[in-house]
Every structure is written in C-alpha cells, then in structure tokens.
Amino acid sequence: MSEEQKPVRIRADRDVCIGAGMCVMTADQIFDQDDDGVVVLLEPEPPAQYADLVRRAVRACPSGALSLVED
Ligand code: SF4
C-alpha cells in the first residue's frame with residue numbers, strides 16, 4: 001500500500017481539548033463535539049482521501065489536543 005492510500009489515524013486528547021470547535025468547522029465528517037464542547041472523533045481512522053482535511057484540522061486546533069498517529 002502506498003503512502004497516499006493509508007488511512008489516517010487520529011488521536012484526540014479530550015483532557016487537552018478546550019472546545020474551540022476548529023476541528024469541527026474544518027472537517028465535520030470526522031469531528032464532533034459533545035454537550036460540553038469537547039471533541040468527539042466520529043472517524044478515528046478516516047480513509048486516505050480525508051488525509052489533507054485531517055491535517056488541516058490538526059493544524060487548526062489551538063490547544064494541541066489533536067495529533068496524527070504515524071506507524
Ligand atoms: S479544535 Fe482542538 S480544542 Fe477545538 S474542539 Fe477541536 S480538538 Fe478541541
């Protein structure tokens with residue numbers, strides 16, 4: 001499997017999340033927020049076509065709660 005086809009694995013640290021919602025605004029297919037505004041991963045391992053969107057969301061998060069898990 002080539003690099004581009006690998007699914008992306010996301011880690012979301014709910015203790016670090018400050019509920020800013022940037023991730024949801026960037027990729028609402030992948031991220032949601034619970035009633036307290038804390039991030040919920042709808043797709044912890046989204047397919048490869050979401051990789052760019054996910055990277056954008058990780059960069060947009062102001063708290064550093066999101067990261068990509070690289071094998
Ligand atoms: S952008 Fe970061 S701080 Fe904001 S809701 Fe998403 S994970 Fe939490």
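In the stretch 18-40, the residues that are free of Cβ contacts under 8 Å to residues at least 40 places away in the same chain reach residues that are acidic (Asp, Glu) and not in a loop (DSSP other than H, G, I, E, B) with C-beta atoms within less than 8 angstrom, at least six apart or across chains, in these pairs: Val24/Asp32; Val39/Asp32; Val40/Asp32.
Consider Asp71 carefully, then state whether it is open to solvent by 30 Å² or more (accessible area, probe 1.4 Å), part of a loop (DSSP other than H, G, I, E, B) and farther than 17 Å from Lys6 by Cα.
Working: open to solvent by 30 Å² or more (accessible area, probe 1.4 Å): yes; part of a loop (DSSP other than H, G, I, E, B): yes; farther than 17 Å from Lys6 by Cα: no.
The answer is no for Asp71.
Looking at Cys17, Cys23, just one residue is open to solvent by less than 50 Å² (accessible area, probe 1.4 Å), in contact with a helix residue (DSSP H, G or I) (Cβ under 7 Å, 6 or more places away or on another chain) and not aliphatic (A, V, I, L, M), and that residue is Cys23. Scanning the stretch 40-66 for residues that are touching a helix residue (DSSP H, G or I) at 6+ places or on another chain (Cβ under 6 Å) and near the ligand (Cβ under 9 Å from one of its atoms) gives Ala57, Ala60, Cys61, Leu66. Among the residues of the stretch 29-39, the one identified as open to solvent by 50 Å² or more (accessible area, probe 1.4 Å) and either within 9 Å of Cys17 (Cβ to Cβ) or hydrophobic (A, V, I, L, M, F, W, C) (or both) is Gln33. Scanning the stretch 25-47 for residues that are under 13 Å from Ile10 (Cβ atoms) and of a type outside the set (Asp, Glu) returns Thr26, Ala27, Gln29, Ile30, Phe31, Val39, Val40, Leu41, Leu42, Pro44, Pro46, Pro47.
The values are calculated or read from the model by the stated rules, or taken from the named source; none is laboratory data. What you see is a predicted model; the values in this text were computed from it and never measured. Virtual Cβ from ideal backbone geometry, glycine too; neighbours counted across all protein chains shown. Side chains are part of the model used for accessible areas, which takes the heavy atoms of the whole protein and leaves out ligands, DNA and RNA. Shrake-Rupley method; radii C 1.70, N 1.55, O 1.52, S 1.80 Å.
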